[in-house]
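Student: Here it is: the structure, laid out below.
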Amino acid sequence: MKIKVLNYFIINKLKPNQKNILDIKILSDEEGLLNNKRFKNKEKGISFIIKSVGHINPAVEDYYPVVVEIDQNNELENYKDLIFYDNL
């Protein structure tokens, strides 16, 4: 599966219940579950795991907000505008 990160948000920054949210667009025609899937960007060598998938209202096809766990020692803004794959 191929996705693009469009934007990022942080809720409850620097608190124990901090949530890292990425807005993603699915670029491939593949279907599948997103939860607990790791996506990698080979050029930058960074990855993230999708922990849960939200929805927007009204629904927009192939666009999703997702709560993610990012690599340690990385900043969420490093993920914006990059393409990620789940099968690298």
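The values are calculated or read from the model by the stated rules, or taken from the named source; none is laboratory data. What you see is a predicted model, and the numbers here were worked out from it, not measured in a lab. Neighbour counts run over all protein chains shown; Cβ positions are idealised from the backbone, glycine included. All accessible areas refer to the heavy atoms of the entire protein, side chains included, with ligands and DNA or RNA removed. Shrake-Rupley method; radii C 1.70, N 1.55, O 1.52, S 1.80 Å.
Student: Farthest toward the dipole's positive end in the chain, which of Q72, I50, L34, given Cβ charges of +1 (Lys, Arg) and -1 (Asp, Glu) about the Cα centre?
Tutor: Q72
Student: Oh, and also: With +1 on each Lys and Arg Cβ and -1 on each Asp and Glu Cβ, how big is the dipole of the chain about its Cα centre, in debye rounded to the nearest 20?
Tutor: Magnitude of the dipole: close to 340 debye.
Student: Per the 1.4 Å probe, what fraction of the accessible area of the chain, in percent, lies on carbon and sulfur atoms? Kindly include the intermediate steps, with their values, before the conclusion.
Tutor: Working: 2730 of 5990 Å².
After summing per-atom areas, the C and S share lands at 46 percent.
Student: Right, here's the next one. Suppose we look only past 19 Å in the calculated P(r) of the chain. What percent of the Cα-Cα pairs does that tail hold?
Tutor: Numbers: 1227 of 3828 pairs.
Beyond 19 Å sits 32 percent of the P(r) for the chain.
Student: Would you mind getting the accessible area per residue of the chain, heavy atoms of the protein chains only, 1.4 Å probe, in Å²?
Tutor: Value for the chain: 68 Å² per residue.
Student: Further question on the same structure: For region 46-88, what is the largest minus smallest coordinate of the Cα atoms on each principal axis, given in angstrom and ordered from greatest to least?
Tutor: The Cα atoms of region 46-88 stretch 35, 19, 18 Å along the principal axes, largest first.
Student: Given an 8 Å cut-off on Cα distances and at least 6 residues of separation, report the relative contact order of the chain as a percent.
Tutor: Working: 182 pairs, mean separation 32.8, N = 88.
Worked out over the chain, it gives 37 percent.
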